[in-house]
Amino acid sequence: MIQVESLTKRYNGKTAVDSISFQANEQEILVLLGTSGCGKTTTLKMINRLIEPDSGTILIDGKSIREQQAEQLRMGIGFVMQHSGLFPHYTIRQNIAVVPKLLKWSPKQTEQRTQELLEKLHLSEDVLNRYPQELSGGQQQRVGIARALIANTPVLLMDEPFGALDTITKADIHAEFKSLQELKNKTVVLVTHDVQEAFELGHRIALMDNGKIIQIGTREEIIYRPKNSFVSEFFAENRLLLEYKLTSISALMPYLHESGNFLNQSNLSESDSTWHALQKLSTDKTHALDYERLSQAFGEYRKSQIR
């Protein structure tokens, strides 16, 4: 668990991070969301002491990060940066092995863990002897994630990790990332300016502006119970699509009148999002009535959530 209390950072008299406090829990992906210059990356880098705060405290599992040497602290924290951050003069094998080498792992242990991550991240073994510039953007990002995960640290920090990828590649990596077993027991703090990405990956979202956290909460709380007009306006352009993707069919069941057996007939489950379900139903004319019922149920559910 990460506990941040009254964290502040100034540059040349200008406040980049303004006395913010938050908690990132075990088994949680907390997203720091906001536009460029809002302080999210500065906040992230203070957690592993790439940037030193002017004031405030950061505790990891109840222990102040200042009680450890910065290098030792970072060996216990996975870090994925923008554009993968791979060393261009190292092979992929050498890039992935950077932390194990510092931890004095045996070559056999490093190789076994590398092979395990290659399989989980859908990378072929032949990439290991290549250099970063020889890989696609998606492959480079997967390697960056493998390097951050190899030591299986309890904390993972991610700074705009998918920002340079095209939409299709990003969607594929999002799906792979969410399915990784390694994330189940980690505390993850992810920085992004991408609203869709924040809602796709995050359990909770901290929306930042001008160095402050404006609102922190679950995706549903952020959308349906915005703290002020800034929060409402920030999500206005994407709001309806986000609501469709956030809402599972299970949430709509109390509003599904005469729903029949369309879930089984169309191979849908109650865990599917409304967005996915409507897309599937719209491709089959025999489910036109089910499409209409589901749309109406979503409308009723939405009204019940907006206060």
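If you go through the stretch 254-294 and pick out every residue that is loosely packed, with under 11 Cβ neighbours inside 10 Å, under 29 Å from the mean Cα position of the chain (by Cα) and closer than 20 Å to Gln305 by Cα, you end up with 1. Summed over the stretch 76-124, the residues that are closer than 19 Å to Gln181 by Cα, small (Gly, Ala, Ser) and touching a helix residue (DSSP H, G or I) at 6+ places or on another chain (Cβ under 7 Å) give a count of 1. Out of the residues in the stretch 102-154 meeting the condition of being assigned to a helix (DSSP H, G or I), out of contact with any Ser or Thr (no Cβ under 8 Å at 6 or more places or on another chain) and of a type in the set (A, V, I, L, M), tell me which one is surrounded by the fewest Cβ atoms within 10 Å (Cβ to Cβ). Per the criteria, the residue is Leu102. Looking at the stretch 199-221 only, could you name the residues that are hydrophobic (A, V, I, L, M, F, W, C) and either at pLDDT 95 or above or in a strand (DSSP E or B) (or both)? Answer for the stretch 199-221, where residues must be hydrophobic (A, V, I, L, M, F, W, C) and either at pLDDT 95 or above or in a strand (DSSP E or B) (or both): Ile205, Ala206, Leu207, Met208, Ile213, Ile214, Ile216. So Thr35 ticks every box in (1) among the hydroxyl-bearing types (Ser, Thr, Tyr); (2) buried (at least 21 other Cβ atoms within 10 Å of the Cβ); (3) in contact with a His (Cβ under 7 Å, 6 or more places away or on another chain) but one. Which box is left unticked? Evaluating Thr35 over (1) among the hydroxyl-bearing types (Ser, Thr, Tyr); (2) buried (at least 21 other Cβ atoms within 10 Å of the Cβ); (3) in contact with a His (Cβ under 7 Å, 6 or more places away or on another chain) leaves (2) as the failure. Within the stretch 50-65, the set of residues being surrounded by fewer than 14 Cβ atoms within 10 Å (Cβ to Cβ), out of contact with any strand residue (DSSP E or B) (no Cβ under 7 Å at 6 or more places or on another chain) and more than 17 Å from Ala151 (Cβ to Cβ) comprises Glu52, Gly62, Lys63. Among the residues that make up the stretch 176-186, is at least one of them buried (at least 22 other Cβ atoms within 10 Å of the Cβ), in the same structural domain as Ser229 (by TED's automatic domain parsing) and more than 12 Å from the chain's Cα centre (by Cα)? No; the residues of the stretch 176-186 include none that is buried (at least 22 other Cβ atoms within 10 Å of the Cβ), in the same structural domain as Ser229 (by TED's automatic domain parsing) and more than 12 Å from the chain's Cα centre (by Cα).
The values are calculated or read from the model by the stated rules, or taken from the named source; none is laboratory data. Values in this document were obtained by computation on a predicted structure and should not be read as measured data. As a convention, Cβ positions derive from the backbone with ideal geometry for all residues, glycine included, and neighbour counts pool all protein chains shown.
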